[in-house]
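The values are calculated or read from the model by the stated rules, or taken from the named source; none is laboratory data. Since this is a predicted model, take the numbers as computed values, not measurements. Don't worry about glycine lacking a Cβ; one is built from the backbone with ideal geometry, like all the others, and counts go over all protein chains shown. To get the accessible areas, we keep the full protein, side chains included, count just its heavy atoms, and leave off ligands, DNA and RNA. Shrake-Rupley method; radii C 1.70, N 1.55, O 1.52, S 1.80 Å.
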Amino acid sequence: MGRLFIVSNRLPFSVDRDGEQVTIRQSSGGLVSAIKSYFESDAAATGNFEAKMWMGVADFSNEDWTAEVEPRLKKYDFTAYPLFIDKTVYKDYYNGFANSVLWPLFHYFPSLVDYQTNYYDAFVQVNKAFANRLAEVVKPGDTVWIHDYQLMLLPEMLRAVQPEVNIGFFLHIPFPSYEILRLMPAEWKTALLRGLLGADLIGFHTHDYVQHFMQSVKMLLGVDNYFYTMQYQDRLVKADLFPIGIDYKRFHNAAYDTDVLDLRNDIKRNFENKKIIFSVDRLDYTKGLMDRLNGFEYFLQQHPVWQEKLVFVLNIVPSRDEIPAYLERKKQIEEKIGTLNGKFSTISWQPVIYRYNHLPFNELCALYQAADIALITPLRDGMNLVAKEYVASCSTQRGVLILSELAGAASELNEALLVNPTDVVDVSNAIEKALHMPSHEQKNRMALMQKRLADYDVVKWVNDFLDQLVSVRKEQIKMQTKLLDEKIYKRIHQHYQKAQKRCLLLDYDGTLVSFARLPQEAVPSKELKELLYKLGSDERNHVVIISGRDAEVLEKWLGHLPLTLVAEHGASYKMKGESWQQAIPSSDQWKEVIRPIMQIFVSRCVGSFVEEKNNTIAWHYRNTAADLGFSRSRELINNLSQMVQNTMLQVIDGNKVIEVRMSGFDKGVMALRIVNDLSPDFTLCIGDDTTDEDMFKALGSKAYSIKVSNGITAAQYTVFSQRKVLPLLEQLLTPLTEREYAGA
Ligand code: GDG
């Protein structure tokens, strides 16, 4: 199974030196507790991996590492690989690009972004340092799981130096909508996307983030996806959502810990007969602290009866205080708290109890348990674990969670009171509702949320991600075995040359010619016509162009060549040397119903158009804005599929085209008919589209089938580009050498 490398910006511990005294402290935060719980879990203990490693930047010197830290690390369940980065470079990388560009932009604060080239250069440099260090230690078959926005370039860099490792990436912060990402300089944003696509599996917290990422990849790199799977360069890459869980039991069981209980009781006694509202956040503009205070102030103004009857325990944890945007924020918040307390306090009561420090774990749990309400209202948050920890800690199922709808956690914790964090009225109403919520309702809501969190805890999260990574690798291997390589091609070539009766079934658009902006522009080149002539005029060959095009176009472009032409997926055909025939009775009436619907979609989607053929109507969206075209096409399919129920019509989801035609005939039926009539001793079938899949399926092992471009296919082999098709056919004509003929 290889070894597992966790890679994150920092190692999961930090080292404090006080004179001669060196102390090692485990870091807090979501990722560390997640991976730590996994390492300690049964799943990891039974040993899926041969060994576990953790690489990150060290906050201690190389000398301290050798003399003090490494010898004392034995008690950890992993081997640590510290990276020593020059302080100035680290500052530009971490405070600079990571936290003054990516962090504000990805959290929808574009006005706080500080675009500086030296920040980006340092970012590249540190990501490279990670890649180089990893390249020294990883081996093929190892799994490298890279975490978070500081290392977005690393997957691609690592893939370049060690292609045979399994690479997973998880983004802990939101992936913003394309409209936000596009604000970034072009070179940087494409580098970030390419960086991520070096991974095999890219994980996000929510469906929205996955969608945003996919859209950006489509818009900036032109790479489409199929159910979250992308064909990038010659690899298959998958993105998916993995909402991070918490160590549920740890928080839930803390309720039975005597230290925690004592602390909880102390807090309750301190605020006797008062409701407690609680929150804990790092000091960060994304956490919405100012808006939260405004909401609380508005509540006190609107509901004076609650004055002296509740307190808001507001804990702020120091963070990133070297960045100006953070320092400034702290000052503003403290001023606000001062004003608010000054305005409402009485001799015996102060509404906001403010602390600016890091809480010990026991105290944090005691506060979770003592709180009647948790007020968690970030303006944006990848997930927000505090909300989940609060829910897990409410062992009596008493308590109400008020949660920002802009936190990733909101998509899982529907039973919380969801609020718009900037809307003071909304926040104030939620506080009021929470204060009056009957116990049975609190219990119901808590029970549902707790069940979900207990079911998908952090160990499940890790296992889920790593399992999926294995599946992606399996899928990639399956795909690779399908790639038409030299050896297989040689076999096809030899077979062709030795055969006496050959049948070649070739799709037209996307196979023999590349796609054009408009269907009428995809005329066959001189080179193609010459090739088809050479192939078709060999008496041993029966060359069939089997297309969705109508008979008129095929006749005009290819009618003079020695070919069989099949139009509109088999609705009509012209056998070599004969005249056109209709395979199905044509009645046009159904088109009167379908045409107006497609026309509506033309007006709703600029660049799309309707093409009408004898037996088919098609709505093309190749020339539309990629995302709009795609989403409109889903709507159209929906509408049409409902309409054609119980009729003889069928709706086909083609390559940037939706078609409606009579059912009962398709390329598969036609191809099989031709092959059965002819009984060739060599059959080759090439196509690129969904409609060609019918041929691949119908012919099965009767033919060599080749799919052009990526995607899941019933064909036996794939080639990645249409440009490979003509050389491939051309080469068939080359006679075998004597040795080849003998099969050597
Ligand atoms: C990223 C994303 C995403 C906080 N204060 C104290 C303390 N904490 C612990 C909490 C919780 C963690 O730190 C903070 O949770 P976040 O969800 O904010 O996680 P981060 O790691 O900061 O941020 C975030 C997360 O990654 C996971 O993917 O949810 O959206 O920004 O576990 O308990 N712990 C103690 N004292 C404190 O004062 N002991």
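Normalised by the residues of the chain, what does the relative contact order come to in percent, with Cα pairs under 8 Å and at least six apart? It rounds to 9 percent for the chain. By the rule of a C-alpha distance below 14 Å, with chain neighbours fewer than 8 residues away ignored, the aspartates and glutamates paired with Lys336 are Asp291, Glu297, Glu328.
The accessible-area ordering, largest first, of the residues Glu40, Glu412 stands as Glu40, Glu412, per a 1.4 angstrom probe.
Each residue was assigned an accessible area with a 1.4 Å probe, and for Tyr356 the value is about 70 Å². Counting DSSP beta bridges in the chain, what percent are antiparallel, to the nearest 5? Counting DSSP beta bridges with both partners in the chain, the antiparallel share is about 30 percent. Using a/c under 1.5 as the rounded threshold, could you call the stretch 591-662 rounded, prolate or oblate? The axes a ≥ b ≥ c are square roots of the C-alpha gyration tensor eigenvalues, and prolate needs a/b larger than b/c, oblate otherwise. Taking the square roots of the gyration eigenvalues as a ≥ b ≥ c, the stretch 591-662 is prolate. Of the solvent-accessible surface of the stretch 634-744, computed with a 1.4 Å probe over protein heavy atoms with every protein chain present, carbon and sulfur atoms account for 50 percent. Calculated mean residue ellipticity, 222 nm, the chain: -13000 deg cm²/dmol, from DSSP H runs (n ≥ 4) at -39500 (n - 2.57) each, averaged per residue and rounded to 500.
Please compute the modelled spin-label separation between Arg269 and Ser348, points set 7 Å along Cα→Cβ, answer in nm with one decimal. Distance between the two pseudo-spin positions: 1.9 nm. When each of the peptides 344-350, 294-300, 271-277 is scored by how many other beta carbons lie within 10 Å of its residues on average, the order from highest to lowest is 294-300, 271-277, 344-350. Between the helical axis of 289-302 and the dominant principal axis of the chain, each derived from Cα atoms, what acute angle in degrees is found, rounded to the nearest 10? With both axes taken from Cα atoms, the answer is about 60 degrees.
Here's the list of aspartates and glutamates a cross-link from Lys574 could span, going by alpha-carbon distance under 13 Å and ignoring same-chain residues fewer than 8 apart: Asp550, Glu552, Glu555. Quick one: if the Förster radius is 45 Å, what FRET efficiency do Met648 and Asp485 give, using the C-beta to C-beta distance and rounding to 0.05? After rounding to 0.05, the efficiency reads 0.55. Solvent-accessible surface of the chain, taken per residue with a 1.4 Å probe and all protein chains present: 43 Å².
Measuring between alpha carbons in the structure, the pairs from Lys268/Lys433; Lys238/Lys478; Lys268/Lys330; Lys52/Lys451; Lys52/Lys287; Lys482/Lys613 lying more than 25 angstrom apart are Lys268/Lys330; Lys52/Lys451; Lys52/Lys287; Lys482/Lys613.
Rounded to 0.05, the FRET efficiency of the Gln397 and Gln332 pair, given R0 = 41 Å and the Cβ-Cβ distance, is 0.65. By the scheme Lys and Arg +1, Asp and Glu -1, what is the net charge of all other residues having a beta-carbon under 13 Å from that of Phe242? Charge balance in the 13 Å sphere: -3. Note on Gln301 and Thr79: their simple-model spin labels are 6.2 nm apart, each label 7 Å out from Cα toward Cβ. Which of the three applies to the stretch 248-453, rounded, prolate or oblate, going by the alpha-carbon gyration tensor with a ≥ b ≥ c and a/c under 1.5 meaning rounded? Rounded is the answer for the stretch 248-453, as its axis ratio a/c remains below 1.5. Is the chain best put as rounded, prolate or oblate by its Cα gyration tensor, with a ≥ b ≥ c the root eigenvalues, rounded for a/c under 1.5, and otherwise prolate when a/b is larger than b/c, oblate when not? Prolate. Would you list, by chain and number, the aspartates and glutamates whose Cα falls below 15 Å from the Cα of Lys534, excluding same-chain residues fewer than 8 positions away? Hits, sequence-local ones excluded: Glu730.
DSSP loop GluC sites (Glu not before Pro) in the stretch 496-587 with at most 12 other Cβ atoms within 10 Å of their Cβ, which ones?
The qualifying sites are Glu539, Glu578.
For His436, the solvent-accessible surface computed with a 1.4 Å probe is close to 110 Å², ligands and nucleic acids excluded. What's the FRET efficiency of Val22 with Asn48 using the Cβ-Cβ distance as r and R₀ = 41 Å, to the nearest 0.05? Efficiency for this residue pair is about 0.75.
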